[in-house]
1. At R0 = 60 Å, how high is the FRET efficiency between N522 and L155 if r is their beta carbon distance? Nearest 0.05 is fine.
2. Of P240, L166, T135, which is farthest along the charge dipole of segment 133-292 in the positive direction, counting Lys and Arg as +1 and Asp and Glu as -1 at C-beta?
3. So which aspartates and glutamates can K285 reach, going by Cα to Cα under 18 Å and dropping same-chain residues fewer than 8 places off?
4. If I stretch the segment between D224 and L453 completely, what's the gain in nm (0.36 nm per residue apart, minus their alpha carbon distance), one decimal?
5. Past the 25 Å Cα-Cα mark, which pairs from K122/K243; K281/K415; K97/K130; K97/K122?
6. Would you kindly state how much longer the chain becomes between I108 and K548 on full extension, computed as 0.36 nm times their sequence separation minus their alpha carbon distance, in nm to one decimal?
7. Taking 0.36 nm per intervening residue step and subtracting the Cα-Cα distance, what contour gain separates A315 from D178 on full extension?
8. Distance in nm between label sites at T292 and H489, each 7 Å beyond Cα in the beta-carbon direction?
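Throughout, read-outs are computed from the coordinates displayed, never taken from laboratory work. Note that the structure is a prediction, hence the values are computed from the model and not measured. Using ideal geometry, Cβ is built from the backbone for each residue, glycine included, and neighbour counts are taken over all protein chains shown.
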Amino acid sequence: MRLCMHNLLDNSSERVYFKDLDSRFLLLSHGYMLDDAPGLSESDLLGKTDFDIFSEPHAIAAFEDEQRIIRTGEPIFGKIEPETFRDRPDAWVQTSKVALRDDNGTIIGTFGISRDVTAQVKAEQILTYKSLHDTVTGLVNRVALRDRLSQSLALLERQPGQVALLFIDLDNFKTINDSFGHETGDKVLVEVARRLTSVARRADTVARLGGDEFVVLCTLRADDDPRLLAERVVRSIGQPITKHGLDLTVTASVGVVVTSDPTTGPGELLADADIAMYRAKDAGKNCFRVFTPSRRAQVAANHLLENELRHALDASELFLLYQPLFSIKNGSLCGVEALVRWRHPTRGIVPPVEFIPLAEELDLVGRVDDFVLDEACRQLATWLGEGGWRDDFTMAVNISSIELGDPSFADHVAKVIAEHGLDPSRLCLEITETSLIAEDSDVEAMLAALSALGVRLALDDFGTGYSTLQRLQHLQVDILKIDRSFVEHLGRSARDRQIVAAITAMAHALEMTVVGEGIETNEQLDELASLGCDMGQGFLFAHPLPAKTVAELRRGRSAHRGRQSRPPKVAFA
Ligand code: C2E
Ligand code: MG
Ligand code: MG
């Protein structure tokens with residue numbers, strides 16, 4: 001029996017052993033000795049204990065396990081433990097041990113099997129490290145951050161104090177990635193990580209959440225001011241990067257949130273810091289903002305609106321009104337501007353300023369604009385089919401800057417025009433001046449493509465952006481709409497009169513048609529007329545109207561009922 005057992009043991013890749021009640025070896029496999037006690041024979045090891053082969057911590061743990069099995073008869077299965085050999089400091093084994101009994105069932109020792117799982121444990125350690133760290137910067141990642149955040153918050157329960165979280169988002173990282181490539185982008189991220197680590201204290205956690213988002217988590221001491229830390233972060237990141245062969249500057253927007261409440265959820269804290277970070281972006285970037293709770297209510301309201309907006313698109317709750325544009329010179333109806341509205345089931349009619357920015361943020365504005373373009377073209381085709389409109393009557397549609405950045409947009413416009421059988425020159429696309437701020441050659445190419453289709457282009461809200469005359473010369477824009485903020489003070493502000501005079505002269509020099517927006521008084525209209533403005537739009541003439549009312553207006557019938565019925569200053573053609 002002993003011989004058979006030896007054969008079995010010697011051919012086993014696992015380490016198999018029998019021990020007596022004092023944990024001394026009675027029998028052990030050949031591999032055991034070769035691997036772990038080189039140079040020793042079986043007879044050298046028989047009667048010895050783990051203390052003679054392994055390091056003391058391991059020997060103690062093994063001895064305690066075996067003695068417990070002997071006492072209780074309870075086996076141990078698959079226990080993974082470090083087996084600190086004297087010459088291999090970090091080996092791991094997986095061990096199963098059971099009680100060894102004689103024919104009467106009396107426990108006479110233990111029987112164990114162990115196998116070396118060092119490779120497996122190491123692989124798991126690497127995977128764990130990777131799952132908790134960002135590979136580019138070596139910082140901890142979102143998963144690890146959440147864990148540490150939970151720990152810091154839990155600590156507040158026992159040790160009252162404050163936890164601060166800084167949410168850092170680089171302002172121009174996408175441009176760097178797009179212009180210089182991802183390799184440069186990664187170098188920038190590494191440098192930002194280094195700077196954040198040097199600004200933070202050793203006890204703080206610096207994490208990369210992904211993309212260009214970082215977080216610094218710190219437990220504040222009594223005299224700590226998180227705003228000073230935020231300021232240091234903004235300043236440190238904003239320094240030019242001249243290392244690694246780079247010569248560029250990134251800036252960061254930072255949101256700060258502070259809590260002393262241990263019941264705050266980690267997700268909630270991150271979301272609040274994120275909101276504050278967006279406030280920093282709104283404030284012009286390269287700065288920090290501290291979270292204030294009222295903002296959270298606003299975001300919660302936005303969240304509700306988000307779900308409702310998605311529903312609105314599916315449930316056709318959007319509809320269009322059309323605001324007429326008149327010739328200031330002869331009073332004729334030159335066109336209309338389509339303005340979207342949302343018929344909300346409980347809130348009533350929601351104006352676009354309350355949902356277009358949200359739609360832009362949620363990537364839904366394309367769907368809104370697509371609906372508007374299609375519906376406006378459908379209405380225009382219906383009107384033209386009825387006859388009686390001026391040859392140059394146009395339908396103006398507002399286009400968001402996001403839509404303008406979509407390379408397939410011009411094709412889409414061409415398709416919609418063709419579907420409705422329209423002459424392209426009947427359609428005017430309004431783009432805001434602010435969407436042209438960046439010297440973006442893609443936008444310029446898109447404007448050229450749209451112009452080539454034959455549609456007209458209008459620059460909306462002119463004066464609110466920063467277009468230079470030189471820039472305008474290169475853009476294929478037909479119409480300039482002077483923003484209401486300039487028209488508003490005409491007749492009272494000499495400065496605004498000068499500005500409008502300059503804009504009109506400049507636009508005419510570039511052969512553009514000039515439209516005055518938001519004309520509400522006769523005084524404003526007179527000023528615009530004297531400055532040579534071509535067309536006007538505003539409550540003085542007409543509010544945005546339903547399609548039916550516009551048709552009545554054209555027919556010269558009473559469109560002048562109720563609030564939308566001010567008699568136009570100009571006579572209708
Ligand atoms: P906008 O393109 O400059 O449109 C003119 C806005 O001024 C309209 O507001 C119009 O109702 C308002 N308005 C016109 N005349 C007067 C006036 O005499 N006095 C005053 N106080 N306001 C006047 P609305 O319809 O609320 O639209 C606001 C903005 O929302 C629009 O400004 C446009 O930028 C955006 N928008 C409207 N419809 C759409 C759309 O279908 N798609 C996109 N992307 N944006 C749209
Ligand atoms: Mg407009
Ligand atoms: Mg406008």
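1. Numbers: r = 69 Å, r/R0 = 1.15.
So, using R0 = 60 Å, E works out to roughly 0.30.
2. The residue sitting most towards the positive pole is P240.
3. D169, D171, D212, E213, E231, D272, D274, E361
4. Values: separation 229, 0.36 × 229 = 82.44 nm, distance 6.10 nm.
Roughly 76.3 nm would be gained on extension.
5. Details: K122/K243 35 Å; K281/K415 37 Å; K97/K130 33 Å; K97/K122 23 Å.
Check vs 25 Å cut-off fails for K122/K243; K281/K415; K97/K130.
6. Values: separation 440, 0.36 × 440 = 158.40 nm, distance 10.07 nm.
Value of the extension gain: 148.3 nm.
7. On the way: separation 137, 0.36 × 137 = 49.32 nm, distance 3.80 nm.
Length gained between A315 and D178: 45.5 nm.
8. For the pair T292/H489, the computed spacing is 2.7 nm.
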